[in-house]
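K.L.:
First the structure, then my questions, so here it is.
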Amino acid sequence: MTRRLEEGATRTRPKLPGRQDWSSWPNYDAAAEGFRGYWYPVTWSSHVTGKPKAFTICGEKLTLIRDNGTAYALHDRCPHRGVPLSLGSQQFPGTVSCPYHGWTFDLTNGKLCAVITDGPDSPIRGKVGVPTYAVAERLGMVWVYVPLAGEAAPPIDEQLPEELVGNAFVMGGRIDPRAGNWRFACENGFDEGHAKYLHRTSLWRLFKPMPVWNITRVVPEGRWIYRVQDEVHWEADFPGVGHWTGKRWWKLRPPKGTFNVGNTGTPKKVDPVIEKQGFPGFASLSMPGVLRIVYPKFIHYEFYVPVDADNHRYVGVMVNFLKGVATARFYAKYLGAIRWLFHGQFSGQDAWMVDVTDAPPEKLYRPDVSLTSWRNLAESTTKQKLAALKGEPS
Ligand code: FES
Ligand SMILES: [Fe+2]
């Protein structure tokens, strides 16, 4: 590739080692703005009110508004002159009106149902409309289905992590706008190699050592892929370089043996709901970018929501399968510590890396089996989905 420097001068970019592009995963490569055909969490339910608000998901501009308790999503563009409907307001129950000339749209189907500045018999009434999106509310958030080819939305419960459907739980979470492509965020979440090194300095890990390196397999099960640890090493001698360990006198002793629930050893007691799931590994990932990290008493989820090619929304949720008075203890712990240490500082280190990642080109190494397995999953799932839409056997 050549790049113009000054008048007439050109420079050849040195070829970087490894894979030059993502053409081995064409659908993944094309998904800079996210995979369509999925439900995405957009914002907290409490933020969706009678005043329309603007959001971008998968490069698509939408407006969310609540009417009579129900949340609605419409394409955020008035067909008249292209003004965002999110700048408008509600003038009649069950509708939203554009701020410019008062074109008024039915929230249930997006149809133009009145035109304030053209009188009750406006001939254009009923003749145009704006696209609407299926909306659901789960985990205290408003979710929108972004269709692939105009298809009806499948039930959201089929896409949520299975254990979050039909079990009582309490949760805490945060939604942060972040710089960087959603795929870098997703790959970082499931990345086998980084946590032990990047997060070794985080306060969340202050008293718990991190391994130096692991031998890890990626195991598919249902619609998830799992990282399964076969070996965990707490210290290592690097030939010709020296000794390296994450152990410190003030940290707990590392556990003996390997473990696949939590990352600090074989737990004494596991929450019964978590135990029942029989997760083969503590980190798992599913489409369209849902990370699940299983600890003995709680599960941490990350949803990487594509905004556009350069931005995503980080949705981090911590769930405890508790009922009754125990829930108050969870909220105190979450708001007092976890929200800042884990969802804040720890995952802030991830945000930093996601923002500065620049790939491809990339030269992958052994632990990156986590990345290539994810890309393979995304690729094969998308191929199947596209074939099903075309009515081809997959
Ligand atoms: S641009 Fe929306 S009513 Fe004119
Ligand atoms: Fe991380």
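K.L.:
Whether any residue in segment 321-338 is of a type in the set (S, T, Y) and not assigned by TED's automatic domain parsing to the domain that holds C186 is what I want to check.
P.N.:
Scanning segment 321-338, I find no residue that is of a type in the set (S, T, Y) and not assigned by TED's automatic domain parsing to the domain that holds C186, so the answer is no.
K.L.:
Moving on. Look at segment 166-191 and say how many of its residues are at pLDDT below 95 and within 11 Å of ligand 2 (Cβ to nearest atom).
P.N.:
Total meeting the criteria: 0.
K.L.:
Quick check, is R66 among the charged types (D, E, K, R), surrounded by 15 or more Cβ atoms within 10 Å (Cβ to Cβ) and more than 24 Å from Q159 (Cα to Cα)?
P.N.:
no
K.L.:
On the given criteria, is N167 in contact with an Asp or Glu (Cβ under 9 Å, 6 or more places away or on another chain) and of a type in the set (S, T, N, Q)?
P.N.:
no
K.L.:
Condition test on V305, is it in a strand (DSSP E or B), assigned by TED's automatic domain parsing to the domain that holds K276 and either away from ligand 1 (no atom under 16 Å from the Cβ) or at pLDDT below 95 (or both)?
P.N.:
Judged against the criteria, V305 is a match.
K.L.:
Still on this structure: Just to verify a result, which residue in segment 65-77, among those that are out of contact with any Gly (no Cβ under 8 Å at 6 or more places or on another chain) and within 13 Å of ligand 1 (Cβ to nearest atom), is nearest to W103 (Cα to Cα)?
P.N.:
The extreme case among them is R77.
K.L.:
Same structure, new question: Give the residue that is surrounded by the fewest Cβ atoms within 10 Å (Cβ to Cβ), with candidates limited to residues of segment 139-157 that are of a type in the set (A, V, I, L, M, F, W, C) and over 17 Å from the mean Cα position of the chain (by Cα).
P.N.:
A152
K.L.:
Give segment 349-363 a look and list any residue that's under 14 Å from W182 (Cα atoms) and away from ligand 2 (no atom under 16 Å from the Cβ), or say none.
P.N.:
Within segment 349-363, D358, A359 qualify.
K.L.:
Just checking, does segment 78-98 include any residue being within 30 Å of A378 (Cα to Cα), of a type outside the set (K, R) and not assigned by TED's automatic domain parsing to the domain that holds S286?
P.N.:
No.
K.L.:
Looking only at strands (runs of 3 or more DSSP E) that fall completely inside segment 85-128, which ones have 3 or more residues that are of a type in the set (A, V, I, L, M) and surrounded by 14 or more Cβ atoms within 10 Å (Cβ to Cβ)?
P.N.:
112-115
The values are calculated or read from the model by the stated rules, or taken from the named source; none is laboratory data. Computed from a predicted structure; not experimentally measured. With ideal geometry, Cβ positions are generated from the backbone for all residues, glycine too; neighbour counts draw on all protein chains shown.
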